[in-house]
Amino acid sequence: MTEYSATTTGNTTENAWGPIVQVALEQRFPPEQRITQDPLAYPFLPAYLRLIVKVGGTSPLRELLLGLIDRQVPGVRGGVLCRKRAIDDRLLVALKQGMDDVVNLGAGMDTRACRMPPGYVIPIYEVDLPNTIMAKAATLRRVLGGLPVHLHLVTADLERQDIGPALQVAGYTPGRKVFFIMEGVSQYVTEAAVRQALEVTRSAGPGSRLAFTYIRRGFLEGRELYDLEVLYRQTRMRKSIWRFGLNPEDVAGFLDDYGWREVEHLGSAEYQTRYVRPTGRNMPVMAIEQFVYAERV
């Protein structure tokens, strides 16, 4: 489901491909029916996953495959696609308003750095674990022939180290106007690690932005499963790989501790209205994950 999970699963590369597979499958729909537009998702995949997407993305197999996914973990696919669309939309607006850098914490195999709009190419720092960073670099060499000059891959463990020094070694300068992304990451690490990551964002200048996703605490505690019993068993009972969550009413205060003012707070209802229904498709969107957009105060 997410780009960042090696700390708890030990297999960062395999877990990092999950969202990109979903995005690649989405590109098999006509453009007007897509939640996300990402021409790089498919070529980024390794050969065996490209084969799965190529075969499984052909109608009617596509409907069979996606229907199977939605029955097993209803709304997870829709949630991944909608959160990516939400971040893409807000990044585009923020770039037009003037950003100096992008910092993607737990970036995984995300393609965002390689599809920046013309005229808005700025330094991008992608932070992840060593295996993921190595796989990302190899993928970029295979697909693009090398790393884009504006992209800085930063090896760091959000759970075990202060990522600030690693970012600064890579060229990150405190005080600039930064668009931070923490997508599909917070649930995989401890509260202390989330707070440590947010501590690093204090160094950003006024007008900076933060795109942050989190899992509802009620799901992690087993109180509200939202028809996602299979996912709960996978993430909380078998290996307990999801470790941190928040109550929606606590998020504004949580981020305020680090100088962030909540601007938007989106969930399944908003995703359906903004992204799913305009495509004319009927697709569930999970209620357990929320998206928060915040501004530096």
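Read the figures in this text as sums done on the coordinates, not as results from a lab. Computed from a predicted structure; not experimentally measured. Every residue, glycine as well, gets a Cβ built from its backbone with ideal geometry; the counts of neighbours run over all protein chains shown.
Taking each residue as 0.36 nm, the span from residue 274 to residue 168 lengthens on full extension beyond its C-alpha to C-alpha distance by 34.4 nm. Under 27 Å of direct C-alpha separation, and excluding same-chain neighbours fewer than eight residues apart, residue 54 reaches these lysines: 84, 136. Ellipticity at 222 nm from helices only: DSSP H runs of n ≥ 4 in the chain, each -39500 (n - 2.57), divided by the residue count, give -11500 deg cm²/dmol. Farthest towards the positive end of the charge dipole of the chain, among the residues 180, 292, 139, is the Cα of 139, using unit charges on the Cβ of Lys, Arg, Asp and Glu. Model label points for residue 227 and residue 47, set 7 angstrom from Cα along the Cα-to-Cβ axis, are 4.0 nm apart. State the antiparallel share, in %, of DSSP beta bridges confined to the chain, rounding to the nearest 5. Antiparallel bridges: around 40 percent, rounded to the nearest 5. Given +1 at the Cβ of Lys and Arg, -1 at the Cβ of Asp and Glu and no other charges, the dipole of region 71-122 around its Cα centre is 360 debye to the nearest 20. Residues considered: 268, 208, 240. Largest GNM mean-square fluctuation over the chain, using C-alpha springs under 10 Å, is found at 240. Entry note, region 6-296: relative contact order of 20 percent, from Cα contacts under 8 Å with a spacing of 6+ residues. Sparse packing (at most 14 other Cβ atoms within 10 Å of the Cβ) combined with a DSSP loop state is found for the following GluC sites (Glu not before Pro) in region 187-258: 221, 224.
With a Förster radius of 30 Å applied to the beta-carbon distance between residue 217 and residue 89, the computed FRET efficiency rounds to 0.65. Note on the chain: with a GNM built from Cα contacts shorter than 10 Å, the maximum mean-square fluctuation among 101, 128, 250 falls on 250. Screening the chain for whole DSSP H helices with an alpha carbon extent of at least 27 angstrom along the helix axis and a mean Kyte-Doolittle hydropathy of at least -1.0 yields 76-97. For residue 103, the amide hydrogen comes within under 5 Å of the amide hydrogens of 125, 179, 180, 181, counting only partners 5 or more places away or on other chains and with H modelled in the peptide plane. What you get for the chain, charging only the Cβ of Lys and Arg (+1) and of Asp and Glu (-1), is a dipole of about 800 debye around the Cα centre. Taking a ≥ b ≥ c as the square roots of the eigenvalues of the alpha-carbon gyration tensor, region 14-61 is classed oblate because a/c is 1.5 or more while a/b is no larger than b/c. Charges were assigned to the Cβ only: +1 to each Lys and Arg, -1 to each Asp and Glu. The resulting dipole of region 37-121 about its Cα centre is roughly 220 debye. Computed over the chain with a Gaussian network model linking Cα atoms closer than 10 Å, the most mobile of 75, 267, 146 is 146. Ranking 109, 91, 24 by Cα position along the charge dipole of the chain, where only Lys, Arg, Asp and Glu carry charges on their C-beta atoms, puts 24 farthest toward the positive end.
Annotation for region 178-258: trypsin sites (Lys or Arg not before Pro) lying in DSSP loop with at most 10 further Cβ atoms inside 10 Å of their Cβ are 223. Averaging 1/r across all pairs of distinct Cα atoms in the chain and inverting the result yields a Kirkwood radius of 19.3 Å.
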